[in-house]
1. From the list Ser102, Ser128, Ser92, which residue is more than 15 Å from the chain's Cα centre (by Cα) and modelled with pLDDT of 85 or more?
2. Looking only at the range 16-47, which residues are part of a loop (DSSP other than H, G, I, E, B), modelled with pLDDT of 75 or more and open to solvent by less than 60 Å² (accessible area, probe 1.4 Å)?
3. Taking the range 68-88 as the region of interest, how many residues are open to solvent by 40 Å² or more (accessible area, probe 1.4 Å) and either over 14 Å from the mean Cα position of the chain (by Cα) or polar (S, T, N, Q) (or both)?
4. What pairs come up if the first residue lies in the range 133-157 and is in a strand (DSSP E or B), the second is of a type in the set (A, V, I, L, M) and surrounded by 22 or more Cβ atoms within 10 Å (Cβ to Cβ), and their beta carbons are under 9 Å apart, counting only those six or more places apart or on different chains?
5. Out of all the residues in the range 117-132, which are outside any strand (DSSP E or B) and of a type outside the set (D, E, K, R)?
6. For the range 65-98, give me the residue count where each residue is more than 19 Å from Asn120 (Cβ to Cβ) and in a strand (DSSP E or B).
7. Going through the range 89-135 one residue at a time, which ones are surrounded by 16 or more Cβ atoms within 10 Å (Cβ to Cβ) and of a type in the set (Lys, Arg)?
8. Filter the range 53-64 for residues that are outside any loop (DSSP other than H, G, I, E, B), open to solvent by less than 50 Å² (accessible area, probe 1.4 Å) and not small (Gly, Ala, Ser); which is farthest from Asn15 (Cα to Cα)?
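The values are calculated or read from the model by the stated rules, or taken from the named source; none is laboratory data. Predicted, not measured: the structure shown is a model, and the values here were computed from it. In this analysis, Cβ positions are derived from the backbone assuming ideal geometry, glycine residues included, and neighbour counts consider all displayed protein chains. We work out accessible area using only protein heavy atoms, side chains counted, and drop any ligands, DNA or RNA first. Shrake-Rupley method; radii C 1.70, N 1.55, O 1.52, S 1.80 Å.
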Amino acid sequence: NWLLSEEAAGYRQRNVCHFVVQMNVDGAHNGFGRVNCEGVDMNRSYSVSGWARNPTTESKDIQRDLEQLAASETKITTTWDMHTWEGDQTESMVRPGPEVGSTRGSWTEFRDILERNDTNNQFKVLYSVTSALTPATWTSGTHMQFGNTAFCVEGAGNVYTQAEALH
């Protein structure tokens, strides 16, 4: 609601938001868990060599859209990879890009703001991923391909009321 409101008009002029609510609508109720109908773990389905080499139908379409955005006048500075599983807390991690701490604030500032506002203890502490890059994951893959800041948000796959979700 906020993103489409008048209050967010300036945000919409400065940002491109591309949402895919659910890549695989048949997954969970058919027991596929993290894999899609082609048997591929959807978090391991990125191709830094380009969308045409992406191993799955759903993520190929998403990656093609990202690459088209990157080729336009719009610079992709941040990507968010999100998927869920059961649990009451979300685990968030970031691979900071070159703008973090230079033209943008530090990732630790964002971590602290998130912690300060997490009055229901819904988030584990945000951390920076320093392990080796894994090109087939969406967080490392977009970071490698576009040189952007890449967030990965996992967990908290619970069903909430609208008020709980908004909180």
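1. On the way: Ser128 fails: more than 15 Å from the chain's Cα centre (by Cα); Ser92 fails: more than 15 Å from the chain's Cα centre (by Cα).
Of Ser102, Ser128, Ser92, the one residue that is more than 15 Å from the chain's Cα centre (by Cα) and modelled with pLDDT of 85 or more is Ser102.
2. Passing the criteria: Cys17, Gly39, Val40, Ser45, Tyr46, Ser47.
3. 14
4. Thr149/Val94; Ala150/Val94; Phe151/Val94; Cys152/Val94
5. Of everything in the range 117-132, those that are outside any strand (DSSP E or B) and of a type outside the set (D, E, K, R) turn out to be Asn117, Thr119, Asn120, Asn121, Gln122, Val125, Leu126, Val129, Thr130, Ser131, Ala132.
6. Qualifying residue count, the range 65-98: 8.
7. Arg95, Arg104, Arg111, Lys124
8. Narrowing the range 53-64 to residues outside any loop (DSSP other than H, G, I, E, B): 53, 57-64.
Then drop every residue that is not open to solvent by less than 50 Å² (accessible area, probe 1.4 Å), which leaves 58-59, 62-63.
Checking which are not small (Gly, Ala, Ser) leaves us with 58, 62-63.
Working: Glu58: 23, Ile62: 17, Gln63: 18 Å.
Only one residue fits best here, namely Glu58.
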